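Below is one structure, written out as structure tokens; the observations come after it.
Values quoted throughout were computed directly from the atomic coordinates according to the rules given, and no laboratory measurement underlies them. Model, not experiment: these values are computed from the prediction. FYI the Cβ positions are ideal-geometry reconstructions off the backbone, even for glycines, and counts take in every protein chain you see.
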Amino acid sequence: MSLRIQVLAALAAVLVTIFILELVRGKKLREEYSILWVVAAALMLVLAIWKESLFAISRFLGVHNANSLLFFLGFIFVMIYLVHLSMKVSLLTENSKTYSQHIGLLEAELEEMRKKGSGEGRSAGRVEG
């Protein structure tokens, strides 16, 4: 890995961290989601600065090309994160369905109360008149 690539990777990791922190500060990203991205950026920074660590991990796992290992780890990270987001979307979909049904029941109950209220008002008006 050349010095230029190391510098670019370290700069990218720092920029990702700054970007994530700005999203959190602007309340566009919740802290619970930012932690994963900051950890990934920190790992990227460590691997960029300490390139021997990537080669050591590659040798330990029996991977001949360190770049292949890096892409594989990135792919695994993205897949795990996609599963996590799919679980969140499923939960939000179920909550949305439940809340919609609850609102429908409340609207029906409110309409029934309005009908009873207007019926009582008419009969009361006739008695007075």
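A few points about this structure:
- C-alpha center-to-center spacing [region 1-66, region 74-116] in angstrom: 35
- Inverse mean reciprocal Cα-Cα distance (Kirkwood Rh) of region 1-49, Å: 11.0
- 222 nm mean residue ellipticity, helices alone, for the chain (DSSP H n ≥ 4; -39,500 (n - 2.57); rounded to 500): -32500 deg cm²/dmol
- Cross-link partners of Lys28 among lysines (Cα-Cα below 26 Å; sequence separation of 8 or more within a chain): Lys88, Lys97
- Helices assigned as whole DSSP H runs in the chain whose Cα atoms extend at least 15 Å along their own long axis and whose mean Kyte-Doolittle hydropathy is 0.5 or higher are found at 3-25, 31-49, 51-61.
- Its Cα gyration tensor gives region 18-129 an equivalent ellipsoid. The semi-axes, each the square root of 5 times an eigenvalue, are 62, 16, 6 Å from largest down.
- For region 1-49, the relative contact order comes to 54 percent (Cα pairs under 8 Å, sequence separation of at least 6).
- With a cut-off of 20 Å on the backbone N, the residues of region 1-19 near the modelled label site 7 Å out from Arg59 along Cα-Cβ are 1-3.
- Amide H within-cut-off set for Leu29, under 5 Å, with H built and near neighbours excluded: Val24
- In a DSSP loop and with at most 11 other Cβ atoms within 10 Å, the trypsin sites (Lys or Arg not before Pro) in region 21-108 are Lys27, Lys28, Arg30.
- Of Val39, His64, Leu105, farthest towards positive along the dipole that unit charges on Lys, Arg, Asp, Glu beta carbons give the chain: His64
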